Structure formats: structure tokens, C-alpha cells
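Written below as C-alpha cells is the structure these notes are about.
The values are calculated or read from the model by the stated rules, or taken from the named source; none is laboratory data. This is a predicted model, so every value here is computed, not measured. All Cβ positions, even for glycine, are placed from backbone atoms using ideal geometry, and neighbour counts span all protein chains on display. These accessible areas exclude ligands, DNA and RNA; they are computed on the full protein's heavy atoms, side chains included. Shrake-Rupley method; radii C 1.70, N 1.55, O 1.52, S 1.80 Å.
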Amino acid sequence: MSDATEAGGPVEPIGTTGAANPAVGTGGAAGTSGVSGASGAVGIDGTSGAEGADAEPGGPAGGAPVGRRVRVVLVDDHRMFRTGVQAEIGQTERTGVEVVGEAADVDQAVTVITATRPEVVLLDVHLPGGGGVEVLRRCAPLMADAENPVRFLALSVSDAAEDVIGVIRGGARGYVTKTITGTDLVDSIFRVQEGDAVFSPRLAGFVLDAFASTDAAPVDEDMDRLTQREREVLRLIARGYAYKEIAKQLYISVKTVESHVSAVLRKLQLSNRHELTRWATARRLV
């Protein structure tokens, strides 16, 4: 059940966008990778995606203010998904969104974001090279810019509490899942640009629970023993990836993957990958 990322060189910033590419949104079912317009996917407000399909042709989608523009970078390790998102939201005259760059891994993301200085970055959580949290860490100075801050909106297939809380602690302004409609996504982008915090309803509960008091959120001691890279390998193993696929996904050698798996099994006191998969599934990490 591999959905391994495509191999390739750096993704360069792009100057203009258009509607030449067909949208590939398939987000009708939870957990699918896609941004859909009228497929019945549930948006961040719990409404049907069909509502977004009724927007007037040529008018701003998702409530984008008339005359407003927002420059956006797409960060996701699946090229077809990036193409679909750009086709869905990147028709600037209609949506007000100008896609100025794309990236498929952490290093590419930091390079493109630094070069283009977008107002909003749509950031996938699971990326080769350290994940979305690593992008946030390396872009912290850009987020802290008082005059022209770069703001991040997580857009991920994952709805795991750990992923949500991790990127919010890292500085993201919001988190929505890939079942969101194109119209709601445009609206979320503009809200994040304006400094609002945006979450899918269910995910907002995770954040409220985590930040409800000054006390630190409960810590999973077992998970806390693992390094960031070991967690990435753990998730991919639990999703059924072969060692070679994981090596390609994370740009590391098969031998390094084997070492990480051994370390995870030892730290979690598990015997094999089947037990590891059950352990990860019980914690909703898959």
C-alpha cells in the first residue's frame, strides 16, 4: 500500500498560475489525498463541498475579498496532489490565490519559501527530510518577521492528535485535512493570511485540549523515546512500506532504515513489524 513520493530534483519557484492542469481532487472519503470542489467532501465548517460549487463564475471563491491577493507556496511530496490543488485554487483572477512555488521535501521547501517569501504556505505534515515540523523550525525567522510574516497552514491526510499539536507548537496558524473543499481551502488561506487560526472542527478539539492550561500536555513516554526520524520510519513501516520504499521516501539507505527499525523495536520492546504496526495503529499514527 505504497504511496511513495516521486523522485526528482529541486522544485523551482513558479511565477504565474493558470488552469491548464486538471484538478485531481478525490477528497470525498476521509483519509484520501485530494482537494475537491463538489464531490461531497466535508469542509472545515462541516458543510458539504457541493456548496462551494455554486460560486458565481469569475467571482472570488471561498469568500476571498474583492481585489485581495495572497501569494502561496504548496509543499507536498505528491506531485499529482500539488497539481490538483493548484488547478483548484490557483486561478488567481477567480480565487485571489497566486501559487508562486512548490516543493516536495524539507530542503526544497525551505529554499523555495526563502526565495519567494509567500504570505501563506500550505504544508503537508509528512515530508521526506524531517517532516513539516522541520520546515517550521527552519523557517522560524520568516514567521517572526513583524512586517511581512510567512504564515503556515497545515494541509494533511493525517488527523492524528500528535501531528496536529506538533505543527501548531511549531508555529503553524492552522490545520485542515485533505477532505476540505476547494472553496473552504481558499477561505482558510485568506483567514490565515489575516492572522486567524483555522482548524477542521474535530482537530480544533485537540488543540484546545493541549493548550487548555499552562501545564504541559500529557506525554506519551513510549513515543517520546523515539527520534523524529525513527517516528517517520515507524509510520511508514506501519503503513506497509517495504524497506526499499522507505529508503527512497526518506532519502536514506536501506541499511539505515534497518538500523532505525531495530532501534524502534528495541525502544518500544517489540519483537517484529507486525507488533509495531499494531502499536502504531492503537495510537492512530498510521
| request: Sort Ser253, Ser271 by accessible area with a 1.4 Å probe, largest first. | output: Ser271, Ser253
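What ranking do 72-80, 179-187 get when scored by the average of other Cβ atoms within 10 Å per residue, highest first? Mind dumping the intermediate values first?
Working: 72-80: 22.9, 179-187: 27.8.
Going by the mean number of other Cβ atoms within 10 Å, highest first, we get 179-187, 72-80.
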| message | If I model a spin label as a point 7 Å beyond the Cα along the Cα-Cβ vector, how far apart are those points for Glu194 and Ala282 in nm? | response | 4.6 nm
| query | Applying the Karplus parametrisation 6.51 cos²θ - 1.76 cosθ + 1.60 with θ = phi - 60° to the phi angles of the stretch 170-180, what ³J(HN,Hα) value in whole Hz is obtained for each residue in order, glycine and proline being reported as x? | reply | x, x, 5, 8, x, 8, 10, 8, 6, 7, 5
| field | Ala140-Arg266 pseudo-label distance in nm [points 7 Å out on the Cα-to-Cβ vector] | value | 3.0 nm
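By the scheme Lys and Arg +1, Asp and Glu -1, what is the net charge of all other residues having a beta-carbon under 13 Å from that of Val106? It would help to have the intermediate numbers written out before the result.
On the way: positive: Arg137, Arg138, Arg229; negative: Asp76, Asp77, Asp105, Asp107, Asp124, Glu134, Glu232.
That sum, taken over residues with Cβ under 13 Å, equals -4.
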| field | the stretch 144-190, accessible surface, carbon-and-sulfur percent (1.4 angstrom probe) | value | 44 percent
